[in-house]
Amino acid sequence: MEKSLIILKPDAVQRGLIGPIITRLEQRGLKFSGMKLMQIGRALAEEHYGVHKGKPFYDGLVQYITASPVVVIAIQGQDVIQVIRNTVGATNPVNAAPGTIRGDYGLEIGRNLIHASDSPENGDKEVALFFAPEELTTWDRNTDAWIYE
Ligand code: IDP
Ligand code: MG
């Protein structure tokens, strides 16, 4: 089972898009195991985006993600990394296909609404970075047999 960390970034929250974006993930059939509204501090932002340190957009990225509250969601399931990346769309909304979250709601790379883990290893790490174990729930869903064969 893979894990993915989703962050509805400050622009998604400020623009009132929490509901529409969560609806897309939920309607896809994805199962949430954790969800909360929080403010990301500078230290957590720097740890989460450490791989981008030194890049020209890094300072702006840390400023963006810490500017206002976010909603973080943990999702667990089969192939969730690729499934969610496909639903989210290309990093730059200019190139994101219509029907994807970034392709339908975004216009610029620096305001692309949502984060999603890019590999199973990073999914495990990022979920552990944002959620304490007691904040995560594994639960049986009655519809699972109609979503997975
Ligand atoms: P991803 O979010 O699709 O995985 P990454 O390449 O991991 O994309 O970049 C992380 C985040 O950094 C992006 O989602 C975006 O918010 C920001 N970012 C990436 N490249 C640029 C850029 O060229 N200008 C401004 N922000 C950028
Ligand atoms: Mg990334």
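When only Cα pairs below 8 angstrom with a gap of at least 6 residues are kept, the stretch 65-149 shows a relative contact order of 21 percent.
A helix-only calculation puts the chain at -10500 deg cm²/dmol for mean residue ellipticity at 222 nm, using -39500 (n - 2.57) for each DSSP H run of at least four residues, averaged over all residues. Start at zero, step by 10 Å, and the Cα-Cα distances of the chain spread as 11, 42, 38, 8, 1 percent across the bins. Across the stretch 62-74, coupling constants 3J(HN,Hα) worked out from phi with the 6.51/-1.76/1.60 Karplus curve, θ = phi - 60°, read 5, 4, 4, 6, 9, 6, 5, x, 10, 10, 10, 9, 9 Hz, and Gly and Pro carry x.
Please give the FRET efficiency for ASN142 paired with LEU37, using the beta carbon to beta carbon distance and R0 = 30 Å, rounded to the nearest 0.05. Efficiency, from the Cβ-Cβ distance: 0.65. Using θ = phi - 60° in the Karplus curve 6.51 cos²θ - 1.76 cosθ + 1.60, the 3J(HN,Hα) couplings for the stretch 127-142 round to 4, 5, 6, 9, 10, 6, x, 6, 8, 10, 10, 9, 9, 8, 10, 5 Hz; x is entered for Gly and Pro. Cross-link partners of LYS31 among lysines, defined as those whose alpha carbon lies under 26 angstrom from its own and excluding same-chain residues fewer than eight positions apart: LYS3, LYS9, LYS125. At 20 °C and 1.002 mPa s, grab the translational diffusion coefficient of the stretch 71-149 from Stokes-Einstein with a Kirkwood Rh over Cα pairs, rounded to a whole number in µm² per second. So the translational diffusion coefficient is about 151 µm²/s. Arranged from fewest to most other beta-carbon atoms within 10 Å of their beta carbon, PHE32, PHE130 become PHE32, PHE130.
Suppose the chain between ASN86 and GLU149 were pulled fully straight at 0.36 nm per residue; how much longer would it get relative to their current alpha carbon spacing?
Details: separation 63, 0.36 × 63 = 22.68 nm, distance 2.09 nm.
Net length gain for the segment: 20.6 nm.
Across the stretch 84-101, coupling constants 3J(HN,Hα) worked out from phi with the 6.51/-1.76/1.60 Karplus curve, θ = phi - 60°, read 6, 4, 5, 5, 6, x, 4, 3, 8, x, 4, 9, 6, 5, x, x, 8, 4 Hz, and Gly and Pro carry x.
The distance from the alpha carbon centre of the stretch 16-49 to that of the stretch 53-71 is 16 Å, rounded to a whole number.
Entry note, the chain: relative contact order of 36 percent, from Cα contacts under 8 Å with a spacing of 6+ residues. Label separation (GLN63 vs GLN14): 1.2 nm, computed from points 7 Å beyond Cα along the C-beta direction.
All of the numbers you see were taken from the coordinates with simple rules; none came from a lab. These numbers were taken from a predicted model, which means no experiment stands behind them. Virtual Cβ from ideal backbone geometry, glycine too; neighbours counted across all protein chains shown.
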